[in-house]
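**Q** The following block contains the structure, expressed as structure tokens.
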Amino acid sequence: MVLPSAYTAAVDAYVAMRRIETFLLSEETDSISPPDPNHEFALSMKNASFKWEHLPSQTDSSLSTATTPCDLSAVQQDSGSGDDATVTSRHEDENVDPVSYLHHINVQIPRGSLVAVVGPVGSGKSSLLQAMIGNMTMTGGEVVRGTNISYASQTAWIQNATIRDNILFDTPYDKERYEEVIRSCALEQDLALFPFGDQTEIGERGVNLSGGQKARLSLARTVYFKAGMVVLDDPLSAVDATVGKRLWEDCVLETMKDRTSVMATHQLHVLPDVDYILCMNNGAIAEEGTFKDLMAKEGGEFSALMAQYGGLEDEDNEPEIQMQSQGRALLEITNTFLSTIGTYGCDEAGSSQEKKSLADTKMALDYIETGGKEELTVAAKQAQKKLMSEEERESGAVKGNVYKGYLQASGRLLWVAVFGFFLLQQFANVM
């Protein structure tokens, strides 16, 4: 009986040692240098190449050969055009690192500018943003950051805390700035419909929020943080047309007008409002320039992208879209709140605490429906505000009636047989 267990333990130990060995022998991560406030640009990259960290495999060589990007000619912005941003992309076959994903990126982003990163799916837009904030390993070149950076990922990250705590994220509370962020991120209507406004608790992974609410909450956290440069990864993809237009005008163009903003987006109708455009393809910058300059280039990457996916925003049916958006927002909030309440009453044989929480929460709903005409008990208010309830548990030694219940449930004859065989085994060992 010992030998099979020894084999299992030996295999587990071997696998664990191999993983530890791979970790200890991996390359050290280069620390990100602190921002240089005296740097001319908010961020600059000079001939920089980046790669994603991954475990070595036998197919690395074939994959790196298959994913080698096509030749890209150098694209240089004319220095006499008067534009502050200068971005150059070059690819030379003899100098490209076969494991790098972004190749020879040359970017100079002026302070206070609004830069859009566009391109087809898988072209490297999100990877370029990750390289800007230091989440990719640099294989060559130089990166200088002139200010601190605030980042909003494409997938919203939500804490199990109140809405206010998610926005502040352990930063000091500034009422004026907080209210401005709430307004610019189109959260006023949502807070008005929530039971306790910005003190409403959010469940694990934002379970009681819709996709658009989570995206706007993540955007509000990024905007509230006092950073000189804001990096946004497609912030308009999770909201409808009306809310997206409001976010673009009130948040990006107004609230963040004094900051440096870099945004990857598939919403091509907003590009006429940006200062500069980077068009990505195969891990490199295929084209760069202002919207008018890129549209004037026939047969270019950007013009082809606009011809296939572009289009100006249609504002003729804006009132109808806005009414539909408001109706969907109210429906989403109602459904998510009711689903949260339903978790307390799904089991009729639940604990007394769960039944009490259900009753108190129903009282809270009646209070909302009657417009506040009925008074809430303290327990009802806490049940409505608090989503997570503590489980019941006993303390101290196990009581005798518990053992008695186990014996009765399993059958007395069975336990007599078990103890009888145990005694026989002990007697056989002694003999």
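**Q** For the range 191-203, check the following and say yes or no: at least one residue is within 30 Å of Ala42 (Cα to Cα) and of a type in the set (Ser, Thr, Tyr).
**A** Pass one, the range 191-203, residues within 30 Å of Ala42 (Cα to Cα): none.
No - not one qualifying residue is present in the range 191-203.
**Q** Would you say Ser5 is at pLDDT below 50, of a type outside the set (A, V, I, L, M, F, W, C), part of a helix (DSSP H, G or I) and over 30 Å from Ile277 (Cα atoms)?
**A** no
**Q** Against the definition (touching a strand residue (DSSP E or B) at 6+ places or on another chain (Cβ under 7 Å), farther than 22 Å from Asn166 by Cβ and either at pLDDT 90 or above or not assigned by TED's automatic domain parsing to the domain that holds Val181 (or both)), how does Leu278 come out, yes or no?
**A** Criteria met by Leu278.
**Q** From Glu92, Glu27, Glu21, Glu40, grab the single residue that is modelled with pLDDT of 50 or more, closer than 21 Å to Ile285 by Cβ and charged (D, E, K, R). Steps first, answer last, please.
**A** Details: Glu92 fails: modelled with pLDDT of 50 or more; Glu27 fails: closer than 21 Å to Ile285 by Cβ; Glu21 fails: closer than 21 Å to Ile285 by Cβ.
Going through Glu92, Glu27, Glu21, Glu40 in turn, the sole match is Glu40.
**Q** Here is a list: Val230, Val223, Val252, Val262. Which entry is under 26 Å from Pro120 (Cβ atoms) and part of a helix (DSSP H, G or I)?
**A** Being under 26 Å from Pro120 (Cβ atoms) and part of a helix (DSSP H, G or I) holds for just one of Val230, Val223, Val252, Val262, which is Val252.
**Q** Right, something else. Pick from the range 200-215 the residues that are in a helix (DSSP H, G or I) and in contact with a helix residue (DSSP H, G or I) (Cβ under 7 Å, 6 or more places away or on another chain): which of them is surrounded by the most Cβ atoms within 10 Å (Cβ to Cβ)? Write out each step before concluding.
**A** Filtering the range 200-215 for residues in a helix (DSSP H, G or I) gives 204-206, 211-215.
Subset that is in contact with a helix residue (DSSP H, G or I) (Cβ under 7 Å, 6 or more places away or on another chain): 206, 212-214.
Values: Gly206: 21, Gly212: 21, Gln213: 25, Lys214: 19.
Restricting to residues being in a helix (DSSP H, G or I) and in contact with a helix residue (DSSP H, G or I) (Cβ under 7 Å, 6 or more places away or on another chain), the top hit is Gln213.
**Q** Please tell me if Ala66 is more than 30 Å from Ala227 (Cβ to Cβ), surrounded by fewer than 11 Cβ atoms within 10 Å (Cβ to Cβ) and modelled with pLDDT of 90 or more. So that I can check it myself, show each step before the final result.
**A** Details: more than 30 Å from Ala227 (Cβ to Cβ): yes; surrounded by fewer than 11 Cβ atoms within 10 Å (Cβ to Cβ): yes; modelled with pLDDT of 90 or more: no.
No: the conditions fail for Ala66.
The values are calculated or read from the model by the stated rules, or taken from the named source; none is laboratory data. Values in this document were obtained by computation on a predicted structure and should not be read as measured data. With ideal geometry, Cβ positions are generated from the backbone for all residues, glycine too; neighbour counts draw on all protein chains shown.
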